[in-house]
Amino acid sequence: MKTTTTPLISGQVPAPVSAEAPVHVAFVRSGARELYAQEREDFLAPATALSAGFDLRACLDAPEAHIAPGARLCVPTGLSVQPQQPGLAGFVYSRSGLGARDGLTVAQGVGVIDPDYTGEILVMLLNTSGEERRLKRGERMAQLIFQPYVRPVWREVPELAATRRGAGGFGHTGR
């Protein structure tokens, strides 16, 4: 695993920002590679030097799809991925602009791509706006981030240890 640093402003260098890990990618729909390439040689690279995610594109059969207010749409990405490093999984998040501006978000909050899943990544989009939204073929509609995960070793106990918070839930700590 290699750690890299990227200058922010001339002379300033942040703490390590990323680690590299090999991930196999396959384009599993006709035309998918071309949708992602968009005449860029390094199309699998992040959009910017400090981008955490890889933009997923709508690999639609039709030129566009319509999503009614409150409706969901299962959007194919044309990609399948396979992390080559143990303990790494893919996580699909909403694109902030698309969610905040247009109300199109990943329906379940975050999608998990388990490392042993080798099928096409499908993104379930939810239209949270009050208006019909259109999604065009090739449009960036979600982002894929690879993150480590921890598998717990469960141990049953009669009760959990006491803490200051205890069972205090929503709003318990105040504003």
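Below is a table of values for the structure above.
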quantity: Enumeration of residues in region 128-154 that are surrounded by 10 or more Cβ atoms within 10 Å (Cβ to Cβ) and part of a loop (DSSP other than H, G, I, E, B); calculated: THR128, SER129, GLU131, GLU132, ARG137, GLY138, GLU139, TYR149
quantity: Every pair of residues 6+ apart whose Cβ atoms lie under 7 Å, when the first sits in region 43-62 and is at negative phi while the second is surrounded by fewer than 17 Cβ atoms within 10 Å (Cβ to Cβ) and at pLDDT below 90; calculated: PHE43/ALA37; ALA49/THR6; LEU50/THR6; LEU50/VAL17; PHE54/PRO46; ASP55/ALA47
quantity: Criterion: aliphatic (A, V, I, L, M) and either surrounded by 15 or more Cβ atoms within 10 Å (Cβ to Cβ) or on the phi > 0 side of the Ramachandran plot (or both) - qualifying residue of VAL123, VAL157, VAL110; calculated: VAL123
quantity: Residue count, region 97-127 (criterion: touching a strand residue (DSSP E or B) at 6+ places or on another chain (Cβ under 9 Å) and either of a type in the set (Gly, Ala, Ser) or part of a loop (DSSP other than H, G, I, E, B) (or both)); calculated: 15
quantity: Residue among SER80, SER30 that alone is among the small types (Gly, Ala, Ser) and in contact with a Gly (Cβ under 8 Å, 6 or more places away or on another chain); calculated: SER80
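The values are calculated or read from the model by the stated rules, or taken from the named source; none is laboratory data. These numbers come from a predicted model, not from an experiment. Cβ sites come from the backbone with ideal geometry, for glycine too, and all protein chains shown count toward neighbours.
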